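The values are calculated or read from the model by the stated rules, or taken from the named source; none is laboratory data. Since the model is a prediction, treat every value here as computed from it, not as a measurement. Counting neighbours? That spans all protein chains shown, and the Cβs are built from the backbone with ideal geometry, glycine included.
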Amino acid sequence: MDVSHTHRINIAIDGPAGAGKSTVARKVASALQYVYIDTGAMYRAVTLKVLDSGVPKDDDEAVGQLADGLDIVLLPGGDGQQVRVNGEDVTAKLRSLEINRSVSYVARLSRVRLRMAELQRNMAAGKGVVMDGRDIGTHVLPDAELKVFLTATPRERAKRRFLELEPGTEITLDQLEREIEERDRLDREREIAPLLQAADARLLDSTGMTVDEVAEEIVQWGLAAVRTISAEEK
């Protein structure tokens, strides 16, 4: 199927930390010639600025004001997506251990989530978007034509996060696994848009699967959704 001449849909990929959402979503977007939107990077960008500013990360009003003043732009780059905040390329700073430990606290603030969701919906308005996060199918894009809940065991996810850390970071795999389990709890229990599998999302456990295998599965689901929509409109 020539994806450049078919109906375009939005694909929402949700799941817990370390499930491989960003890597998979990029591959799916590339295969379908869609735009990839890394919502996790947007929350990490806000967290970076919160940490840099010294604003308490649990102060909804102060952090919300800071977030409102941030111009976050996602651009395609040679090694993946480039993240710019107020014109500054912050991509290389977003995977630090400090941000890993702080992003769930910032991401659960109501004003931050409302602001990010507004930006994300605007990005997806024209269709042809692959967006990953924790509340895309349930909150940001509830009308997405394909919703996927991508997960893996905590140990598997800890291994993936371990490989992303900056060289010399002092943390063991066991510690990282415990932190991921704690982040899962925070994401599930937050009041605003908690981590949930949408009722109409397809569950995909990536434990033991390669990135290419996971991406290909979602691409096929996406093409099937496009064929269904095309048939219904005839």
Just give me the residues in region 175-206 being exposed (fewer than 14 other Cβ atoms within 10 Å of the Cβ) and closer than 13 Å to residue 16 by Cα, in sequence order. 182, 185, 188, 189, 203
Within region 108-130, which residues are under 20 Å from residue 26 (Cα atoms) and more than 15 Å from the chain's Cα centre (by Cα)? 122, 125, 126, 127, 128
Is one or more of the residues making up region 178-197 over 18 Å from the mean Cα position of the chain (by Cα) and small (Gly, Ala, Ser)? no
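Which of the following residues is assigned to a strand (DSSP E or B), modelled with pLDDT under 90 and either β-branched (Val, Ile, Thr) or farther than 18 Å from residue 25 by Cβ (or both): 83, 73? Walk me through how you get there before you give the answer.
Working: 83 fails: modelled with pLDDT under 90.
Going through 83, 73 in turn, the sole match is 73.
In a helix (DSSP H, G or I) and over 16 Å from the mean Cα position of the chain (by Cα), is that true of residue 25? First the steps, then the outcome.
On the way: in a helix (DSSP H, G or I): yes; over 16 Å from the mean Cα position of the chain (by Cα): no.
No; evaluated as a whole, the condition is false for this residue.
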Check residue 130 against each of (1) at pLDDT below 90; (2) closer than 21 Å to residue 151 by Cα and name the one condition it does not meet. (1)
Filtered residues of region 184-234 (kept if under 24 Å from residue 105 (Cβ atoms) and not in a loop (DSSP other than H, G, I, E, B)): 184, 185, 186, 187, 188, 189
For region 39-59, give me each residue that is among the β-branched types (Val, Ile, Thr) and crowded, with 22+ Cβ neighbours inside 10 Å. 39, 46, 47, 50
Take the residues of region 1-16 that are part of a loop (DSSP other than H, G, I, E, B) and surrounded by fewer than 24 Cβ atoms within 10 Å (Cβ to Cβ): which is modelled with the highest pLDDT? 9
